[in-house]
Structure formats: C-alpha cells, structure tokens
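Peer 1: Submitted below is the structure of interest, expressed as structure tokens.
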Amino acid sequence: MEWMAYHIFCHNVGLHDQCIVKIKKWLEAENKKIDWFFIKYWEGGPHIRLRIMGHSKDKKKYLNKLYELLHDELAQESNLTKEKYYEHNKLDGEPILIDDLPWFKNGTIQQMPYMREIQRYGGEEWIEKAEVIFFHSSQLAGNCLVNHPNIFLKLMMYICVYQNIIENLKMKLESFDQKKYLLTCSNYWENQYGIEHIEYYHHLSNKLLDFEKEHEHALMELNKQMKKKAQIYIQINIENTLELTTSVNQKIARSVLFSQMHMLANRLGIPIDYEFAVYQYLIKKEVGIHEKY
C-alpha cells in the first residue's frame, strides 16, 4: 500500500468545495475504510491535492474515476493566465519569480509524488499520526462543505472546533499558555505572510465578537453541533499535542497544532488573512478587549 497523489487543476476556485464534496462521497462509497486526505494549493495554478492510500495497480483506475466524477467542474472554461494568477501571489511573504514556477492546464489531473512534510509535524515517528489527523480533518471539512456555507459560517465553524481544542488543552496541560500560543500564531501570519489591508481584518475580528454577543443562543447550538461533528478530530488533536509535549517539547507540540489547524482552515476554504482575523478574535476574547492587539 502507498499514498497515491492526484493534483486536480480546476482554475475556477469557486468550484473547489463541490469537487471536495463529490470526492468524499465517492471515496466513502468506494470503501468505508479507505484512507485519504486533501489540501488546496497554489503552485502550478489553483488546484486540489488529493492523496489516496491504495495499491499501485489502482493508480490509473482512480485517475480515470476522478476525470469522470469531476467532468462538469473540469470542463468549465477559465480565462485565468499564469501571469495574472501569480501577479499578486506570494509565498512566506516573499515575491514570486513567475518564470521559475510551473503552470498546468485547467481541467487536467496530474499524478505527482507525495512528499511528506516530516519535520513540520514533529519528525519521522510522528508523521503517520499526522496523516491520521489529515484524514479526519478532510472528512470534517467535507461534512461541513456539504451545505455550501459562506465564509462567515466557515469562520464560526472553525472557531467552534478551535475553542474546544484550546479549552481542553487548558484543562489537561497546566503549562499551556493560551494567550502566548494565540499571539505567536497571530504574529506569525502578520510578520511572515504579510497581511495586506490589516485594519480590515482587525475590524472583522471585532465583528466576530459582536456577532457572538448578538447571536449567543444560535452559536451555542452551532458549537453543540460542531462538537459532535468534530468529536474525533478534536480528540485526536488534543492527544497528539499532549503526546508531543511529553515526548518532544511544548514548542514543537504548539507548532504542530498550529499547522494542523491551518490545514483545517485551508480545507474549509478560509484564506490566511481570515485565519489571522480568527486569532485576533480569540486573543481579544481571552483578554476582553476590542482594540488591535
């Protein structure tokens, strides 16, 4: 058994969520025990990176099935060009040299090698556990996307999951400093990625705080639903953070949690700028202020 990777180049980003829902339903119907996960990525053009655990003899079968399954989405034309797409894109805050980057035709599916990010997730002995979390994260995102939520609802669902993880860590890990963790995450995106129009996202974090006060009962119900829907995902992230803290160190544990939550945001279709706004919201909620923090 091995990970098989398919990069699905659909330049119409607005179609990605429905592609993901279709893929999830197909894989669950194919085999309830199949392991898979996805991320959304930019290099080569907007696309979905799908990984499926299976036998190498099935690579072509899965490729053909994906073309059949996503025919309508992949058949839609796009006017997006390499130059237009990369013009405002950046990686880790650095401008991109367009000539150095690949570009794949809209509507194509490329079979690529899967490169594990071993160090990012704690090292060799932790990567398989990370991939289990990727699977549950992908399932959770797929379940959330079924009803085509708008960006605001995606943010609230994401916040519900994150708050449940943080509250549990505060109870189970005496040394877990919530404010320090949230500030570190927020500062990373502000300084490393470079948030443009940052005041807008500070304003958005205040709107999230106001929305919470105005719709307290509705959010309590959403939190109840998300706690149930994300039960396995929440628990496995808590366990992984506790185990990494004990076996490696807390800095690595926090870094891995940050990466896992970033990947959930990615799968839900929450841009980094909005992810930054979530951290600002959580910080302001913790310290009880509306001002820029």
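The values are calculated or read from the model by the stated rules, or taken from the named source; none is laboratory data. Here the structure is a predicted model, which means the values were calculated and not measured. Every residue, glycine among them, receives a Cβ derived from its backbone with ideal geometry; neighbour counts consider all protein chains shown.
Peer 1: Would you mind stating whether ALA265 is of a type outside the set (Phe, Trp, Tyr), in contact (Cβ under 8 Å) with a residue 12 or more places away in the chain and outside any loop (DSSP other than H, G, I, E, B)?
Peer 2: Yes: the conditions hold for ALA265.
Peer 1: How many residues does region 219-234 hold that are of a type in the set (A, V, I, L, M, F, W, C) and either without any contact (Cβ under 8 Å) to a residue 24 or more places away in the chain or not in a helix (DSSP H, G or I) (or both)?
Peer 2: Of the residues in region 219-234, 2 are of a type in the set (A, V, I, L, M, F, W, C) and either without any contact (Cβ under 8 Å) to a residue 24 or more places away in the chain or not in a helix (DSSP H, G or I) (or both).
Peer 1: Being in the same structural domain as VAL146 (by TED's automatic domain parsing), in a helix (DSSP H, G or I), modelled with pLDDT under 95 and of a type in the set (A, V, I, L, M, F, W, C) narrows it down to one residue among PHE176, PHE276, PHE211; which is it?
Peer 2: Result of the check over PHE176, PHE276, PHE211: PHE211.
Peer 1: What's the total number of residues in region 209-233 that are surrounded by 17 or more Cβ atoms within 10 Å (Cβ to Cβ) and either under 19 Å from HIS262 (Cα atoms) or over 23 Å from the mean Cα position of the chain (by Cα) (or both)?
Peer 2: Counting residues in region 209-233 that are surrounded by 17 or more Cβ atoms within 10 Å (Cβ to Cβ) and either under 19 Å from HIS262 (Cα atoms) or over 23 Å from the mean Cα position of the chain (by Cα) (or both) gives 4.
Peer 1: Another question about this same structure. Name the residue that is surrounded by the fewest Cβ atoms within 10 Å (Cβ to Cβ), counting only residues in region 105-117 that are under 16 Å from ALA75 (Cβ atoms) and of a type outside the set (Gly, Ala, Ser).
Peer 2: At the first step, the residues of region 105-117 found to be under 16 Å from ALA75 (Cβ atoms) are 105-109.
Narrowing the set further to residues that are of a type outside the set (Gly, Ala, Ser) leaves 105-106, 108-109.
Working: LYS105: 11, ASN106: 18, THR108: 14, ILE109: 21.
Once the filter is applied, the top-ranked residue is LYS105.
Peer 1: Tally up the residues in region 130-184 that are more than 12 Å from LYS229 (Cα to Cα), of a type in the set (Gly, Ala, Ser) and under 13 Å from the mean Cα position of the chain (by Cα), please.
Peer 2: Final tally of qualifying residues: 1.
Peer 1: For region 124-170, which positions are farther than 16 Å from TYR274 by Cα and outside any helix (DSSP H, G or I)?
Peer 2: Across region 124-170, the qualifying residues are VAL146, ASN147, HIS148.
Peer 1: Answer with yes or no whether ILE236 is farther than 18 Å from SER138 by Cα, among the β-branched types (Val, Ile, Thr) and crowded, with 16+ Cβ neighbours inside 10 Å. Write out each step before concluding.
Peer 2: Working: farther than 18 Å from SER138 by Cα: no; among the β-branched types (Val, Ile, Thr): yes; crowded, with 16+ Cβ neighbours inside 10 Å: yes.
No, not satisfied.
Peer 1: In addition: Cβ-Cβ distance below 6 Å, separation of 6 or more or different chains: which pairs start in region 85-103 with a residue that is farther than 20 Å from TRP189 by Cα and end on one that is at pLDDT 85 or above and aromatic (Phe, Trp, Tyr)?
Peer 2: As it stands, the answer is ILE98/TYR86, since those pairs meet every condition given.
Peer 1: Does ILE20 count as closer than 20 Å to VAL146 by Cα and surrounded by 15 or more Cβ atoms within 10 Å (Cβ to Cβ)?
Peer 2: Numbers: closer than 20 Å to VAL146 by Cα: yes; surrounded by 15 or more Cβ atoms within 10 Å (Cβ to Cβ): yes.
Yes: the conditions hold for ILE20.
Peer 1: Another one. Look through region 36-60, keep the residues that are part of a helix (DSSP H, G or I) and modelled with pLDDT under 95, and return whichever of them is surrounded by the most Cβ atoms within 10 Å (Cβ to Cβ).
Peer 2: The extreme case among them is ASP58.
Peer 1: Looking at (1) modelled with pLDDT under 95; (2) of a type outside the set (A, V, I, L, M); (3) more than 30 Å from HIS215 (Cβ to Cβ), which is the one condition that is false for HIS197?
Peer 2: Unmet condition: (3).
Peer 1: Could I ask something else about it? Failed condition for GLU196, given (1) within 22 Å of the chain's Cα centre (by Cα); (2) in a helix (DSSP H, G or I), with all others met?
Peer 2: Of (1) within 22 Å of the chain's Cα centre (by Cα); (2) in a helix (DSSP H, G or I), only one is false for GLU196: (2).
Peer 1: Moving on to the next point. Can you work out which of the residues in region 68-79 that are touching a residue at least 12 places away in the same chain (Cβ under 8 Å) and more than 24 Å from the chain's Cα centre (by Cα) is surrounded by the most Cβ atoms within 10 Å (Cβ to Cβ)?
Peer 2: Result: SER78.
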